[in-house]
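A quick write-up on the structure given underneath.
The values are calculated or read from the model by the stated rules, or taken from the named source; none is laboratory data. Please read all numbers here as calculations on a predicted model, not as lab measurements. No Cβ is skipped: glycine too gets one built from the backbone with ideal geometry, and neighbour counts run over all protein chains shown. Ligands, DNA and RNA are stripped out before the accessible areas are found, and what is left, the full protein with its side chains, is counted by its heavy atoms. Shrake-Rupley method; radii C 1.70, N 1.55, O 1.52, S 1.80 Å.
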Amino acid sequence: MHTFRFAAPLDLAYEYFCDVPAVFSLLPDALEVYPYATDRYRLVVGATDGHGHTMAGVFDLITIHEPGEVIRVVPDEHGPPINMPGLIFSGFLAAEAVFNPDHQGTSVEYSVHIEMDIPIPSMLRMMPHHVLQNLGEKGMELKMNHMITGFTRSVTNDFHKWVRGG
């Protein structure tokens, strides 16, 4: 769990986080974030090599709002078909932002749970499974730390810019 602290009233912090595409676009390596129905969004996280090759995780999400208190993001198992070139795989993402007034303004306790089953590229299938498993887990841990750190920094900076109207 991570805590954001904003020197702003709770209703302002809540309003900021309600713009799901804008907030999720601050994730490092977010390639696309767009709505496909009311309170339903597709988040594509990955990388491109500049030559048209993409490796991406696709997360279809539903947002559930408890106004002024909580925003929950849960997987949508009925998202639209995925029509993207490259190594594309579906992922599971659940998140929760809990808003609380505090003596300095508002604190937002944010938790996220992500799972992905990344297909093994053909050139790596010859390696022993336990080696691939260890490499995958270490790589995922580094990637998650990078994403969380970058997201925290980006949200804090973007919120202050948003409050100033810029």
With every protein chain in place, the accessible area of E15 for a 1.4 Å probe, in Å² rounded to the nearest 10, comes to 110 Å²
From highest to lowest solvent-accessible area (probe 1.4 Å; ligands, DNA and RNA excluded), H78, H130, H2 read H78, H130, H2
Under the 7 Å Cα-to-Cβ spin-label approximation, M55 and E96 lie apart by a distance in nanometres of 3.3 nm
Surrounding charge for P80, neighbours by C-beta under 15 angstrom, Lys/Arg +1, Asp/Glu -1, total -3
